Ligand SMILES: Cc1cc2nc3c(=O)[nH]c(=O)nc-3n(C[C@H](O)[C@H](O)[C@H](O)COP(=O)(O)OP(=O)(O)OC[C@H]3O[C@@H](n4cnc5c(N)ncnc54)[C@H](O)[C@@H]3O)c2cc1C
């Protein structure tokens, strides 16, 4: 097979799933066997579970942005941009590159791994006034924003302004929200020692969730332990409560309370990338319906995985839980990446595919400092042992040796020297909220995709 006729494999998204797939394809396929292309807006794979530690300054942003080009077998062509539509019939992916150009990329095999975006609801003011915790820019932005509130509260002579700058609201009692509230509360707790004019009692963190429990997947005992740790630290936890409306200087809870605050962090779940809707195919709560082999029925050469796909959970099905799909976790996404690569290779070589089967290994929740809860392989742990498991798990899951070294060095440095709570001010001129970071309005409709591919749409110009 010469290079001109090599089958084209296009992988969309460089997250846990996409990078897991690309690295495996590079290892398994000779370069004459296929051309591998990766579409990604960023030049790194983001290790999302450690984002709260970037927001709280324990880790630098670079340490969890793992290079895509550092790999011994690296030979993938990388298109810097985002896919904005896929036409399954003509096998074309429409891409907007980072310089704004719209290009068509033809493929023989496509692996869709664009992950998810923050799930929002129709709550007045939410997308204009809330911050998310889903991108590196958001984590870095929130850190600066929180330190800004301390700086401004310290300088202010207005008691009401001070009080509102020192209240912080996090919505979402899953692991992302709980870790975010816990790590940032520790940041303000430690930072306030450098602000002698601020009364520490004025600093108040609220963690709220509409569900009756925090992190129900931890079970009752461990969930209560996490709650106790947070309450002892002074975090006000409100369950069965959400946001009724959000404004620039206050947030109204559904129980009627009005909290003066300039900081609303929204981590109430995720929904599949809007790219999936451009396919016009069957979805379950936004995730593309695929088989256990992660291919799309009725469309040769189309695969999807990770947060963007509803991959049947075969481990649960074997225990009689029919219809279960894998939860949107990094644990599943990175393992699915390898299996999907094997299935692409099998299809290319005319061999049989294999289904994805993985039994959940449990959950680790870092609450900052020496506090943590974790449940590896069903064993409940608290405090230092849980923290050791949480950090050990994340450290070993980082893809490159350099990323591991950076994270370990940052942890050590932070444990020894602490934080200087420096506000960089890089983003201070323009407020950036949920609606600014995830580019959810960039996507085409299925009709626009078709029109573009046929060369008649406005995007085709
Ligand atoms: C704060 C936080 C903490 C978490 N903690 C844990 C944890 O402790 N354990 C755990 O298992 N999971 C955790 N998760 C969930 C986990 O990070 C996700 O389930 C996982 O990242 C999903 O992997 P993915 O490859 O599907 O998507 P992602 O890792 O999100 O990757 C998607 C990639 O696609 C790119 N992309 C998006 N749209 C496009 C497009 N249109 N075109 C091209 N590229 C695109 C994105 O830039 C990204 O690089 C956490 C998530 C968050 C936000």
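The values are calculated or read from the model by the stated rules, or taken from the named source; none is laboratory data. Keep in mind it's a predicted model, so treat the numbers as computed, not measured. Glycine gets a Cβ as well: all are built from the backbone with ideal geometry, and neighbour counts include every protein chain shown.
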* To do: Answer yes or no: is there a residue in segment 254-266 that is within 16 Å of the ligand (Cβ to nearest atom) and farther than 15 Å from residue 170 by Cβ.
  => no
* Within segment 111-120, is there a residue that is in contact (Cβ under 8 Å) with a residue 40 or more places away in the chain and on the phi > 0 side of the Ramachandran plot? -> yes
* Structure fact -> Within segment 354-371, the count of residues that are under 18 Å from residue 397 (Cα atoms) and touching a helix residue (DSSP H, G or I) at 6+ places or on another chain (Cβ under 8 Å) comes to 8
* Asked: Among the residues of segment 400-408, is there at least one that is in a loop (DSSP other than H, G, I, E, B) and at pLDDT 90 or above?
  -> yes
* Test result for residue 433, more than 30 Å from residue 81 (Cα to Cα), touching a residue at least 24 places away in the same chain (Cβ under 8 Å), surrounded by 16 or more Cβ atoms within 10 Å (Cβ to Cβ) and in contact with a strand residue (DSSP E or B) (Cβ under 9 Å, 6 or more places away or on another chain) -> no
* Structure fact -> Here the qualifying pairs (Cβ atoms under 9 Å; residues six or more apart or on different chains; first in segment 404-419 and on the phi < 0 side of the Ramachandran plot; second exposed (fewer than 14 other Cβ atoms within 10 Å of the Cβ) and assigned to a helix (DSSP H, G or I)) come out as 404/396
* To do: Consider only pairs whose beta carbons are under 6 Å apart and that are at least six residues apart or on different chains; among these, list those whose first residue lies in segment 34-55 and is assigned by TED's automatic domain parsing to the domain that holds residue 144 and more than 14 Å from residue 13 (Cβ to Cβ) and whose second residue is more than 10 Å from the ligand (Cβ to nearest atom) and not in a strand (DSSP E or B).
  => none
* To do: Provide a single number: the residues in segment 106-143 that are more than 27 Å from residue 210 (Cα to Cα) and buried (at least 20 other Cβ atoms within 10 Å of the Cβ).
  => 7
